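Input: a single structure, listed below in structure tokens.
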Number of protein chains: 6
Amino acid sequence: MWIYEKKLEYPVRVNTTNPTLAAMIIEQFGGADGELSAAIRYLTQRWTMPTGKAKAILTDVGTEELAHWEMVGTLVYKLTKDATIDQIKGTPFEAHYVNHGKALFPHDAAGVPWTAAYIQSKGDPISDLHENMAAEQKARSTYEWLINISDDPGVIDTLRFLREREVVHYQRFGEALCLVQEHNCRKKFY
Amino acid sequence: MWIYEKKLEYPVRVNTTNPTLAAMIIEQFGGADGELSAAIRYLTQRWTMPTGKAKAILTDVGTEELAHWEMVGTLVYKLTKDATIDQIKGTPFEAHYVNHGKALFPHDAAGVPWTAAYIQSKGDPISDLHENMAAEQKARSTYEWLINISDDPGVIDTLRFLREREVVHYQRFGEALCLVQEHNCRKKFY
Amino acid sequence: MWIYEKKLEYPVRVNTTNPTLAAMIIEQFGGADGELSAAIRYLTQRWTMPTGKAKAILTDVGTEELAHWEMVGTLVYKLTKDATIDQIKGTPFEAHYVNHGKALFPHDAAGVPWTAAYIQSKGDPISDLHENMAAEQKARSTYEWLINISDDPGVIDTLRFLREREVVHYQRFGEALCLVQEHNCRKKFY
Amino acid sequence: MWIYEKKLEYPVRVNTTNPTLAAMIIEQFGGADGELSAAIRYLTQRWTMPTGKAKAILTDVGTEELAHWEMVGTLVYKLTKDATIDQIKGTPFEAHYVNHGKALFPHDAAGVPWTAAYIQSKGDPISDLHENMAAEQKARSTYEWLINISDDPGVIDTLRFLREREVVHYQRFGEALCLVQEHNCRKKFY
Amino acid sequence: MWIYEKKLEYPVRVNTTNPTLAAMIIEQFGGADGELSAAIRYLTQRWTMPTGKAKAILTDVGTEELAHWEMVGTLVYKLTKDATIDQIKGTPFEAHYVNHGKALFPHDAAGVPWTAAYIQSKGDPISDLHENMAAEQKARSTYEWLINISDDPGVIDTLRFLREREVVHYQRFGEALCLVQEHNCRKKFY
Amino acid sequence: MWIYEKKLEYPVRVNTTNPTLAAMIIEQFGGADGELSAAIRYLTQRWTMPTGKAKAILTDVGTEELAHWEMVGTLVYKLTKDATIDQIKGTPFEAHYVNHGKALFPHDAAGVPWTAAYIQSKGDPISDLHENMAAEQKARSTYEWLINISDDPGVIDTLRFLREREVVHYQRFGEALCLVQEHNCRKKFY
């Protein structure tokens, strides 16, 4: 019941009905650098991490990304749940609608289904932590592009919150890289 | 910390080192009817379910499938973690090894990365619950094929446990279908 | 010459030129739950069905879906064949046009090429018939979403005819499931 | 009932049980240049062909390829239907078995699901007929590679028959190209 | 430094800011019959060509296609680099923007990532050269569809130049086919 | 003629005929972290890099990766060109052979065709350079796994050379990141 209850707690505010914006934000639900990519990537890499602490960081962040995945899904759903057919027709959400109605689906803004080809797990902790640091930077970029095209204040607030978390995760993976490399690291990443 | 702690509790027993068997069991980690498909499918469909009870069933089962996904990952990992290069060479695990070392990765037994094209979410509860009942039957079949080719007693025990859970999930989705259809249902499914 | 002649007989009526609508209806030509998925799925599963009657149902329905695939193709073609470049520009059909001109292609409304990952064939008749019953429900849903966004009377008539056939197929697969399970079944499905 | 009855007529002879060979021959059931690619490609291109004769050739050949698809499926099925688990284990068919049992599935010899990305339909008859001539040459090559690795006399006979048909289809598409270009053509292709 | 310097020499003229047109022209950067498909296809086939001359033709044309790939990228970039967010919103480029900003990416006009499933390399020179002749015809068709929907004079000029090169490449592959077949050929292809 | 001539210069030594090893090394020809991924990634990101120097580094490294792609192709080809059918049968190369003969093809060791989903280009130089540093670490890992399973001395030498280049590229991307961030950087990466 963990995920379900957490859903009720997060303040995902949406002020408008906007299928076009929903069709763009779904990028972070099922796109290359979205929350699903992050969650599956980190939870998959855990078995070959060399220390319990590194495993714990991957578990923590991976689990948090699952909750963020749910937040993004709620954004998309709230932007479309009250949309009339006339509000959907002629928007980029229409192609989603004829396949999935108003349900969520893990595809990107272009409608391409999520694929594990977006992520990697090499069995080498140096490589995997670099993969993760890059993933967080890429997710940050997507949130910035999404904020740029958003005009719903509640949506923008939520996207900013999620972007900030990616920066924090980036730093945690940087620290994990230091721990794994067992040498001095610079204090700040990015 | 939920997923991490649960990992410690499950009795995933593995008696042998067997990269070939690992390469087959990874089917349920990242294949069409594996645990990842199940988890993502159910957790994705929740927003458009018509009742709180239906949402709760999807959340419960989806969350349980995430834990099962982790169990399957542990099976694969334990079957390979002590394997020497000589034990890996010439097996179907070798193609996995040159890409992922001994790490997990969500692909099927043939090495095809997981794709959301395996799952569906239609925004119509009748369709989605049929999708889920079919998913559980298909997962049951995969476990049966895997049990047939397994000769490690611990692995077989774990696979049998996982197969039984699919039958239970199938029945729960049948009950959810009754609830959504609001009419008399036959008592037992399959 | 079977398919070619059948094409002439079906009353696929289209009253308008409407590239946007064509770009949506192509969902059933090459999308996840479209007619191609149905035909390939049923024709593929035949070899491992346990009785001649089950094989015959799969052959009958699979063959009918091929004819329906052709009907959907004709809908798409008639909606676009007289479209001028100005009528195409700025519509979701434009991305199709620059790749395929006015030809058909088996992709969904978002332009994603058809993949066999949409279908399954497990070699277990219980699983396969559940897969098929789910497939028919999902196809029914897609037709409902398509009818909702259509405003061409001939197109709507054809889509309604095709939707009804999915319900009939669903019932036939339910009957096949009864036959395969060799026990009493409830009379009506859905 | 068309496809079903035709199945009974073709003399698809198989003398051995050989899961490894089956795993290779499935290339022509669901691989890039297999019979499914051919059938879907030709049947998809029909709407934009400029003459009734060109449409008829595509319909004829596309329909014949569907029948050949069924023949290839029968080859694969006969090579595996009596295989014991011990005969399957350790062969490349094992990865297929854990997902699909002994059922057919449209994937290639490596297990990659069929995708419409293998085919093209450009809405330009010159391009489409070149696509088709290339397709027939590529299918011929695959049959030659398959014949090279086959040692079951019945299988080899059937593969040779199918290879010859590709050469004939190549010539028919060459003739169609002549008709469409409306100028003198050389008599023989390849 | 080869590719970089060549970029400076080509007169890729673009007169307007037009994200919609950019979203269509990206078809030739990462679509089925685009310049990347051509380059990777020809450069991949070289090892099994039977003569040094055939290898040289594949190398020459493949290398030229890499330069054309860069030209197409420059077209897309110039059409979008000065676009404001308001000019991007509501266009088909918006889905690209939220994933890639104003960067290039090898996907088609619908946003589907490039896949090697678009190309083939059979190890049989007759098949491979037919594949290539078909590829050039298909690329020519795409350029024609793109020219039809373009209204920027500089873009149209560049697209016409690129189309002409495909016709020349088609003829060169026809000549290579003659050389490989070692018999008389007709002088002109298409 | 650039690529063709370079091919002649590189000392790609192969001492054995070994189709199994070829089937593994093709991972770096068409796999997730192979040379094709690297080349297309870097050459694609160039347009949005903020300085001429950053563009030049991407061009230099991307071009070098194309040459390395060719070296890997030559390794695969030399390991298989003299193989008899008997040497191919029963190896993981057999599935490649029935589709591509002895030609190269950009797929990974499992036979999955290369997809642009493996790479990213975000239009944000910080993100893109992190992507590239991760890419180099992942390529290094693959070369290490490949070296572990190789027993041909010439192949191992070439793989070691290629691995070293990835480390150098990693450092160059680290320097580019410093330049783009315009602040003090630590001297050494990894």
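The values are calculated or read from the model by the stated rules, or taken from the named source; none is laboratory data. Bear in mind that the values here come from a model prediction, so they are computed numbers and not experimental data. Every residue, glycine as well, gets a Cβ built from its backbone with ideal geometry; the counts of neighbours run over all protein chains shown. In case anyone asks, the SASA skips ligands and DNA or RNA and just uses the protein heavy atoms, side chains included. Shrake-Rupley method; radii C 1.70, N 1.55, O 1.52, S 1.80 Å.
In this simple spin-label model, placing a label point 7 Å from the Cα along the Cα-to-Cβ direction at both A:R160 and C:N15 gives a separation of 5.1 nm. In the range C:75-190, how many lysine pairs have Cα atoms under 23 Å apart, counting only pairs 8 or more places apart or on different chains? Value for the range C:75-190: 8.
Taking the C-alpha atoms only, the angle from helix A:52-80 to the longest principal axis of chain A is near 10 degrees. Springs between Cα atoms under 10 Å define the GNM used for chain D, and in it the highest mean-square fluctuation of D:G34, D:G174, D:G123 occurs at D:G123. The Cα trace of the range E:27-71 gives Rg and Dmax of 10.7, 33 Å, the first to one decimal, the second as a whole number. Protein heavy-atom surface of the range C:107-190, 1.4 angstrom probe: 49% of the accessible area is carbon and sulfur, with nucleic acids and ligands not counted. With the convex hull drawn around the C-alpha atoms of the protein assembly as shown, the volume per residue stands at 151 Å³. Please list the non-local residues whose amide H lies under 5 Å from the amide H of A:H107, H modeled 1.01 Å from N, same-chain partners needing a gap of 5 or more. For A:H107, the qualifying residues are A:G30, A:W114.
Placing +1 on the Cβ of every Lys and Arg and -1 on the Cβ of every Asp and Glu, with nothing else charged, gives the protein assembly as shown a dipole about its Cα centre of roughly 0 debye. Distance distribution note for chain C: the fraction of Cα pairs above 21 angstrom is 51%. This model, with +1 at the C-beta of Lys and Arg and -1 at the C-beta of Asp and Glu, gives chain B a dipole about its Cα centre of some 340 debye. Here each label is just a point 7 Å from Cα along the line to Cβ, and for F:I147 and A:K53 those points are 2.9 nm apart. Residues with amide H under 5 Å of E:K122's amide H, sequence separation 5 or more or different chain, H placed in the peptide plane at 1.01 Å from N; which? Close amide H contacts, sequence-distant or interchain: E:D128. The Rg/Rh ratio of the range F:102-190, with both radii computed over alpha carbons and Rh defined as the Kirkwood radius, is 1.05.
Rounded to the nearest 20, the size of the Cβ-charge dipole of the range F:39-85 about its Cα centre is 180 debye, with Lys and Arg at +1 and Asp and Glu at -1. Per the accessible-area calculation with a 1.4 Å probe, the total area buried between chain C and chain D rounds to 3700 Å². Note that the range A:18-34 has calculated 3J(HN,Hα) couplings of 7, x, 5, 5, 4, 5, 7, 5, 4, 3, 7, 8, x, x, 4, 10, x Hz, one per residue in order, obtained from phi through the Karplus relation 6.51 cos²θ - 1.76 cosθ + 1.60 (θ = phi - 60°); glycine and proline are x. The long axis of helix D:153-181 is offset from the longest Cα principal axis of chain D by roughly 20 degrees.
Solvent exposure of the protein assembly as shown, expressed per residue, is 30 Å² of accessible area, with all protein chains present and a 1.4 angstrom probe. For the range C:45-124, would you read off the P(r) tail past 15 Å as a percentage of all alpha carbon pairs? The proportion of pairs with Cα distances above 15 Å equals 68 percent.
DSSP loop trypsin sites (Lys or Arg not before Pro) in the range A:9-65 with at most 15 other Cβ atoms within 10 Å of their Cβ, which ones? Loop-located and lightly packed - A:R13.
With a 10 Å cut-off around each Cβ of E:34-46, the average count of Cβ atoms from other chains is 4. Give the calculated FRET efficiency between D:Q181 and F:E182 to the nearest 0.05, with a Förster radius of 56 Å applied to their Cβ-Cβ distance. Rounded to the nearest 0.05, the efficiency is 0.40. If you take the Cα centroid of the range A:75-152 and the Cα centroid of the range F:11-57, the two points sit 28 Å apart.
For chain B, the relative contact order comes to 30 percent (Cα pairs under 8 Å, sequence separation of at least 6).
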